[in-house]
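Data first, discussion second: the structure below is written as structure tokens.
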Amino acid sequence: MDPRELTFKGEESAAALACGACGTVYRLNESALAERCCRKPVCECGAECAKGYSICAGCLGERRSAQRRAAFEQAEKVAYDAYDGEYVLLEDDRYLAHDALEEAVYEMIRNGDPSLPAPLGTSHLPLFGYSVEVSGMPRIDAIDVLEGALEEYYDGAMDDVDANGLQRALDGWVAEQYLRAFFPGDKVVTLTSLLDRMVDQVEWDDLARDEPEWDDASRIDGGPRS
């Protein structure tokens with residue numbers, strides 16, 4: 001905003017432009033950029049935008065939410081009990097294996113953690129997650145390795161080495177590595193059946209915990225003494 005011309009000492013012609021507010025330097029043919037510098041743009045809704053944005057934070061959030069809703073509605077839905085993937089991705093970006101997910105949901109129900117639909121009077125439980133694609137270590141191509149290693153050697157050096165043997169060795173080594181990468185899949189995993197099962201488990205555990213214990217001396221024919 002309020003761009004100013006910059007000149008070299010002893011010269012009259014301008015060499016560049018600078019924003020009058022922050023001093024950012026622009027070329028002479030960038031006067032429009034210099035004028036807009038430090039001027040907060042206005043969103044279509046009338047709210048000010050952050051520098052470098054043409055949409056305000058509120059409208060940007062609504063746009064992203066709409067995009068996520070559209071992607072959710074178009075995605076294939078699969079019930080948790082029918083999902084055969086190793087991991088589920090939750091909305092809070094946690095990748096959880098089945099046992100860890102079931103334990104987490106159990107604790108959410110028991111503790112009523114407000115950070116996370118509504119069984120047992122809570123409103124924090126995840127109704128769905130996303131499928132996860134798991135990728136191991138990628139294959140290493142022996143030819144690529146040898147081409148790099150023998151780049152400075154004589155012509156035909158590749159014909160004098162056992163590329164197939166190297167490939168077998170590389171494949172064996174890769175198979176022994178426990179390197180895994182996780183990527184969001186294209187399916188929505190509905191967790192209703194898991195929630196119902198964990199609610200039942202919590203209620204059962206509460207009943208078992210509250211049941212009175214009887215010592216052997218107080219029992220007659222398997223029941224408490226009156």
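A short reminder: the numbers here are calculations on the coordinates, not readings from a lab. None of the values given here were measured: they were computed from a predicted structure. Here the Cβ positions follow ideal geometry from the backbone for every residue, glycine too, while neighbour counts run over all protein chains shown.
List of remarks:
- DSSP-loop GluC sites (Glu not before Pro) across segment 6-61, with at most 11 other Cβ within 10 angstrom: Glu11, Glu12, Glu44
- Under 24 Å of direct C-alpha separation, and excluding same-chain neighbours fewer than eight residues apart, Lys40 reaches these lysines: Lys51.
- R0 of 41 Å, Cβ-Cβ distance Ala50-Glu107: FRET efficiency to nearest 0.05: 0.60
- Whole-Hz couplings from phi, Karplus 6.51/-1.76/1.60, listed for segment 161-170; x for Gly and Pro: 10, 8, 5, 5, x, 5, 4, 4, 5, 5
- Shown here for segment 1-58: chymotrypsin sites (Phe, Trp or Tyr not before Pro) in loop regions (DSSP other than H, G, I, E, B) with at most 13 other Cβ atoms within 10 Å, namely Phe8.
- Integer Hz, Karplus 6.51/-1.76/1.60 couplings in order for segment 104-111, x for Gly and Pro: 5, 5, 4, 5, 4, 5, 5, 8
- Residues whose amide H falls under 5 Å from that of Ala16, counting only those 5 or more places apart or on a different chain, are Leu6, with hydrogens built in the peptide plane.
- Remark on Tyr87: its backbone amide H falls under 5 Å from those of Val132, a criterion applied only to residues 5 or more positions apart or on other chains, H modelled at 1.01 Å from N.
- Antiparallel bridges, percent of DSSP beta bridges restricted to the chain (to nearest 5): 85
- In terms of other Cβ atoms within 10 Å, Val188, Val145 run from fewest to most in the order Val145, Val188.
- Whether segment 46-204 is rounded, prolate or oblate, judged on the alpha carbon gyration tensor where a/c under 1.5 counts as rounded: oblate
- 3J(HN,Hα) along segment 83-95: 7, 9, x, 6, 10, 10, 9, 8, 5, 8, 6, 8, 9 Hz, from the Karplus curve 6.51 cos²θ - 1.76 cosθ + 1.60 with θ = phi - 60°, whole Hz, x for Gly and Pro.
- Amide H contacts for Lys187 (H built 1.01 Å from N in the peptide plane; partners 5 or more residues away or on another chain; cut-off under 5 Å): Ser131.
- When each of the peptides 16-23, 66-73 is scored by the mean number of other C-beta atoms lying within 10 Å of its residues, the order from highest to lowest reads 16-23, 66-73.
- Structure-based [θ]222 nm, the chain - -39500 (n - 2.57) summed over DSSP H runs of at least 4, per residue, nearest 500: -11000 deg cm²/dmol
- Note on segment 1-64: Cα-Cα pairs beyond 20 Å make up 42% of the total pair count.
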